[in-house]
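Notes for the one structure printed next.
The values are calculated or read from the model by the stated rules, or taken from the named source; none is laboratory data. None of these values were measured; they are calculated from a predicted model. Here the Cβ is made from the backbone with ideal geometry for all residues, glycine too, and neighbour counts use every protein chain on show.
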Amino acid sequence: MKAGQAVLEKLRGSAVPLSGTDLARDLGVSRAAVHKRIEKLRASGERIVGTQRVGYRWRGSADRWNPPALRQGWVTDVVAFSTVGSTQDEAKTRAAGGADEGTLVVADRQTAGRGRWGRVWVSPRGGLWYSLVLRPSIAPDRCPALTLVAALDWVRVLRRRGLDARVKWPNDVWVDGKKVAGILTEMSAETDRVHWVVMGVGLNVNNRPPASTEAASVSQWIGPVSRQELLSEWLTRFARSYGRFVRNGFGPFQRDFNRWSLLHGRRVRLEGTVSMEGQVLGVDGLGRLRLRTARGEKTCVGGEVSVARNPA
Ligand code: BTN
């Protein structure tokens, strides 16, 4: 655990103010070190009130975006909105206008958030809504697997925080039987060349999830979380994964994807350009879903998957 995080946890967990001396003793550090960590936490958006002879109290987290801190290495530009129609539409306009790979569009709130299949994506304050411009030099038919790679990195970020996160092919992240995140990947391409890909991610973090029995927010399991911290961690991971994917394809991710798959071994129904039912055998080295159906093994490139009523 990071030094500042320990101070934050003490303050968050305490119903009464904690003095610098108490904190220093509990954490085995000097008072000056406590003071320094509190200043850093404040700078990152934590509201910590200090009263002389009483102590420090945590009053919540402003959870504001800090664009310079997100502009790490691979991220070339950060466009942060308080409210926007859709980060996806903003990023697509920028991509079509020549925006660099690594352009990131984030928003606190979307008024016209979009999901797959033209569905509405409810995006109130407290959630993490962002879209990323990518320009991979790969064949267009390899692009759908990028969504799987991104979802897998979210699973890793959430599992590190103790959540039992799983990928649900082809674009969701689920925790304990509930959907916490969805990914919408759109692109512009010729038959053999990708112009741009815009990857949009919606993660319910501190917001009340939409009124659906299927949806949940990360904070339901672990309390309020910094969206900035989550996104930074994902960006760091994804920068690595993306490079690996462009160089070596989906193969290096196949094992982990199957390991953390929500659907592995389950009987599912797939709706898409073709519809079928079968038992999930896993994903192949290209990221396609393998199903054992009554008509033999089939591989599917896309579609909407639901768990069939009568499990095999
Ligand atoms: C899905 O599960 O259907 C995918 C949902 C993707 C939602 C994100 S939120 C950020 C970006 N902006 C949008 O309008 N949609 C994506």
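Let's see how each residue does on (1) within 12 Å of the ligand (Cβ to nearest atom); (2) under 13 Å from the mean Cα position of the chain (by Cα); (3) of a type in the set (A, V, I, L, M):
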{"site": "ILE183", "(1), (2), (3)": "yes, yes, yes"}
{"site": "GLU186", "(1), (2), (3)": "yes, no, no"}
{"site": "GLU190", "(1), (2), (3)": "no, no, no"}
{"site": "VAL197", "(1), (2), (3)": "no, no, yes"}
{"site": "GLY202", "(1), (2), (3)": "yes, yes, no"}
Would you call ALA151 within 13 Å of the ligand (Cβ to nearest atom) and of a type in the set (Gly, Ala, Ser)? yes
Those residues of the stretch 165-181 which are more than 11 Å from the ligand (Cβ to nearest atom), in contact with a helix residue (DSSP H, G or I) (Cβ under 9 Å, 6 or more places away or on another chain) and outside any strand (DSSP E or B), in sequence order: TRP169, ASP176
The residue that is nearest to the chain's Cα centre (by Cα), considering only those in the stretch 219-276 that are under 30 Å from ALA308 (Cβ atoms) and β-branched (Val, Ile, Thr), is VAL268
So which residues in the stretch 48-81 are modelled with pLDDT under 85 and basic (Lys, Arg), if there are any at all? ARG59, ARG64
Expected output for the stretch 93-111 (first residue under 10 Å from SER131 (Cα atoms) and at pLDDT 95 or above, partner among the acidic types (Asp, Glu) and within 11 Å of the ligand (Cβ to nearest atom), Cβ below 9 Å, 6+ apart or cross-chain) is VAL105/GLU90; ALA107/GLU90
Name the single residue that is surrounded by the fewest Cβ atoms within 10 Å (Cβ to Cβ) among those in the stretch 93-124 being under 21 Å from TRP74 (Cβ atoms), under 19 Å from the mean Cα position of the chain (by Cα) and more than 8 Å from the ligand (Cβ to nearest atom). GLU101
Hey, can you tell me all the residues within the stretch 13-48 that are of a type in the set (A, V, I, L, M, F, W, C), in a helix (DSSP H, G or I) and within 27 Å of ALA69 (Cβ to Cβ)? LEU23, LEU27, ALA32, ALA33, VAL34, ILE38, LEU41, ALA43
Could you tell me which residue of the stretch 82-92 is nearest to the ligand (Cβ to nearest atom), considering only residues that are more than 16 Å from the chain's Cα centre (by Cα) and modelled with pLDDT of 95 or more? SER86
Can you name the number of the only condition in (1) modelled with pLDDT of 95 or more; (2) over 25 Å from VAL78 (Cβ atoms) that LEU231 fails? (2)
Cβ-Cβ under 7 Å, sequence separation 6+ or interchain: first residue in the stretch 120-144 and within 30 Å of ASP192 (Cα to Cα) and in the same structural domain as GLY98 (by TED's automatic domain parsing), partner within 16 Å of the ligand (Cβ to nearest atom) and of a type in the set (Lys, Arg). Which pairs? VAL133/ARG94
What number of residues within the stretch 125-148 satisfy the criterion of being more than 15 Å from the ligand (Cβ to nearest atom) and surrounded by fewer than 22 Cβ atoms within 10 Å (Cβ to Cβ)? 9
Name the single residue, out of those in the stretch 67-81 being in a loop (DSSP other than H, G, I, E, B) and in contact with a strand residue (DSSP E or B) (Cβ under 9 Å, 6 or more places away or on another chain), that is nearest to the ligand (Cβ to nearest atom). VAL75
